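> Can you read through this structure? Questions will come right after.
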């Protein structure tokens, strides 16, 4: 069977190596550096263009506006589009991520009954807990399933007013 997608180009591979770590998470420092350098380029260029325009050349200012749009704004928009368009939906959570999800769901389950919209929140937490239980490795699956069942019981108690402890 042949692949219908073409492999990423050299620029995409370079951009991926520069802006993501081995797990595919975005690295903030290089992205902020790119944005800072682009902003610096625009600020310095604008200053130079304004000085040149003040010297009697409005055409220079018009050229700078056009160049800054093509050379700075479009590449930054392309970078943003690339970041937002990265495919991450098919990535399964790692063991550490699942452990973190379980801990956060436990903490949320402990405090959810004190909120005025507890029934709705419990329903959302219950769905998330089952999601985690479906994807958890064997050693974490029992903890995740136990949490999901606990949230099921809380959801049943939340259906009757006054049943949840405050």
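We did not get these values from a lab; they are worked out from the coordinates using the rules stated. Small disclaimer: the values here were computed from a predicted structure and weren't measured. FYI the Cβ positions are ideal-geometry reconstructions off the backbone, even for glycines, and counts take in every protein chain you see.
> Sorting 132, 42 on the 10 Å Cβ count, fewest up front, what's the list?
42, 132
> Set the Förster radius R0 to 35 Å, insert the Cβ-Cβ distance between residue 35 and residue 92 as r into 1/(1 + (r/R0)^6), and round the FRET efficiency to 0.05.
For residue 35 and residue 92, the calculated efficiency is 0.70.
> Quick one: what do you get for the range 95-159 if you divide its Cα Rg by 2.2 N^0.38 Å?
On the way: Rg = 11.3 Å, N = 65, 2.2 N^0.38 = 10.7 Å.
Ratio of Cα Rg to 2.2 N^0.38 Å: 1.05.
> Relative to the longest principal axis of the chain, what angle (0 to 90°, nearest 10) does the C-alpha long axis of helix 74-85 take?
Tilt of helix 74-85: around 20 degrees.
> Simple spin-label model, 7 Å along Cα-to-Cβ: residue 142 to residue 159 in nm?
Output for this residue pair reads 2.9 nm.
> With only alpha-carbon pairs counted, each pair once and no self-pairs, how large is the Kirkwood hydrodynamic radius of the range 10-85 in angstroms? Intermediate results must be reported in sequence, preceding the final value.
Values: mean 1/r = 0.0713 Å⁻¹.
Over the range 10-85, the inverse of the mean reciprocal pair distance is 14.0 Å.
> At 7 Å along the Cα-to-beta-carbon direction for both residue 124 and residue 79, put a label point, then send me their distance in nm to one decimal.
Modelled inter-label distance: 3.3 nm.
> For labels at residue 67 and residue 42 in the simple 7 Å Cα→Cβ model, what's the distance in nm?
It works out to 1.7 nm between the two label points.
> Output the 0 to 90 degree angle, nearest 10, between the alpha-carbon long axis of helix 58-68 and the longest principal axis computed from the alpha carbons of the chain.
30
> For an R0 of 35 angstrom, estimate the FRET efficiency from the Cβ-Cβ distance between residue 22 and residue 150 and round to the nearest 0.05.
That gives a FRET efficiency of 0.50.
> I'm spelling it out carefully: the read-out is volume of the Cα convex hull per residue in Å³, the candidates are (1) 216; (2) 154; (3) 123, and one was derived from this structure. Which label?
Matching the structure shown: (1).
> While we're on this one: Helix 28-54 versus the longest principal axis of the chain: what angle, 0 to 90°, nearest 10, using Cα atoms?
30
> Follow-up question, since we're still on this one. Can you put 102, 83 in order of Cβ neighbours within 10 angstrom, beginning with the fewest?
Values: 102 19, 83 13.
Least to most surrounded, the residues fall as 83, 102.
> What's the exposure ranking of 138, 143, 54, going from fewest to most Cβ atoms within 10 Å?
Details: 138 6, 143 17, 54 11.
By the 10 Å Cβ count, ascending, the order reads 138, 54, 143.
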